[in-house]
Amino acid sequence: YYIRLPKGLVAGEGPLPSKRAINISFRTYGPLRVILLKCDYGRRPCRPHSTKRIQFTNSLKPTDIDQYIRVQPKVEGGYLRCSHSSCYLYGKYKPQTRYTVTVSAALQDVFDQKLGQTWTGSFWVGDARPQLKMPIAHREAVTEWRGNRQLAVRSVNVMGVTASLVRIKPEHMP
């Protein structure tokens, strides 16, 4: 908002007019509300390891916010981290599960306003992206011929892996 008081304005406290115009700007804050509940910055589908965020109209009072925000079903290792007007919901989310977030009416912002009524929202967590990981830095790996000749591979939502084996002579090793 912006207020402009003209030059020559006379106040109720005395007869002298103002010598110059006075310009004042200010802003107000609105009521505390939930703006959105988002997963992975709006990308779909929401994945188990995606960022889950709930955003409010105003910055929240830095208190024990865990008592005001609940996620159901319970998330393994679940916890909140809030900064200004956003709270991030961390933990091990299960795929193919709908989660419901409930915010208590008693939650307060930095202006001591309460949310006023309980808010409920939900999001669906789909499957994890297919991943294939090997405990090596590059695409190639070496196993010792005298060893167990096994190569550890970690996969998520990958139905099969094709591997090529090549015998390497000692003179080809660095």
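The values are calculated or read from the model by the stated rules, or taken from the named source; none is laboratory data. Source: prediction; values computed, not measured. Don't worry about glycine lacking a Cβ; one is built from the backbone with ideal geometry, like all the others, and counts go over all protein chains shown. SASA here: full protein model, heavy atoms, side chains in, ligands and nucleic acids out. Shrake-Rupley method; radii C 1.70, N 1.55, O 1.52, S 1.80 Å.
Report the extension gain between Ser104 and Thr118 in nm, rounded to one decimal, defined as 0.36 nm multiplied by the number of residues separating them, less their alpha carbon distance. Provide the component values of the computation, followed by the final result.
Working: separation 14, 0.36 × 14 = 5.04 nm, distance 0.49 nm.
Stretched fully, the Ser104-Thr118 segment lengthens by 4.6 nm.
Please list Leu80, Leu151, Leu5 in order of solvent-accessible area, largest first, computed with a 1.4 Å probe with all protein chains present.
Working: Leu80 25, Leu151 85, Leu5 60 Å².
Output order, biggest surface exposure first: Leu151, Leu5, Leu80.
Of Leu115, Leu32, Leu132, which has the largest mean-square fluctuation in a 10 Å C-alpha GNM of the chain?
Of Leu115, Leu32, Leu132, the Gaussian network model singles out Leu132 as fluctuating most.
So with the 1.4 Å probe, I'd like the accessible area per residue for the chain, rounded to whole Å². Display every interim value, and only then the final one.
On the way: 13620 Å² over 174 residues.
Heavy-atom SASA per residue in the chain reads 78 Å².
With all protein chains present, calculate the accessible area of Val153 using a 1.4 Å probe and round the result to the nearest 10 Å².
We get 70 Å² for Val153.
Taking the full set of protein chains and a 1.4 angstrom probe, give the accessible area of Asp66 in square angstrom, rounded to the nearest 10.
The value for Asp66 is about 70 Å².
Quick check: pseudo-label points 7 Å beyond the Cα along Cα→Cβ at Arg4 and Glu171, how many nm apart are they?
Distance between the two pseudo-spin positions: 9.0 nm.
Taking 27 Å as the cut-off for C-alpha to C-alpha distance, list the pairs among Lys52/Lys133; Lys74/Lys133; Lys52/Lys114 that go past it.
Numbers: Lys52/Lys133 25 Å; Lys74/Lys133 29 Å; Lys52/Lys114 23 Å.
As for pairs spanning more than 27 Å Cα to Cα, those are Lys74/Lys133.
In a GNM of the chain with a 10 Å cut-off on Cα contacts, which of Val34, Val158, Val110 has the highest mean-square fluctuation?
Highest fluctuation among the options: Val158.
What number comes out for the charge environment of Lys114, summing +1 per Lys or Arg and -1 per Asp or Glu over other residues with Cβ under 14 Å away? Present the calculation step by step, with values, prior to reporting the outcome.
Values: positive: Arg33, Lys61; negative: Asp109, Asp112.
Computed value for this residue: 0.
Give me the accessible area of Thr100, 1.4 Å probe, in Å² rounded to the nearest 10.
Answer for Thr100: close to 50 Å² accessible.
At 1.4 Å probe size, put Arg167, Arg27 in order of accessible surface, largest to smallest.
Working: Arg167 220, Arg27 195 Å².
The most accessible residue leads, giving Arg167, Arg27.
Can you send over the carbon and sulfur percentage of the accessible area for the chain, probe radius 1.4 Å, protein chains only? The partial results should precede the final answer.
Details: 7000 of 13620 Å².
In the chain, the share of accessible area belonging to carbon and sulfur is 51 percent.
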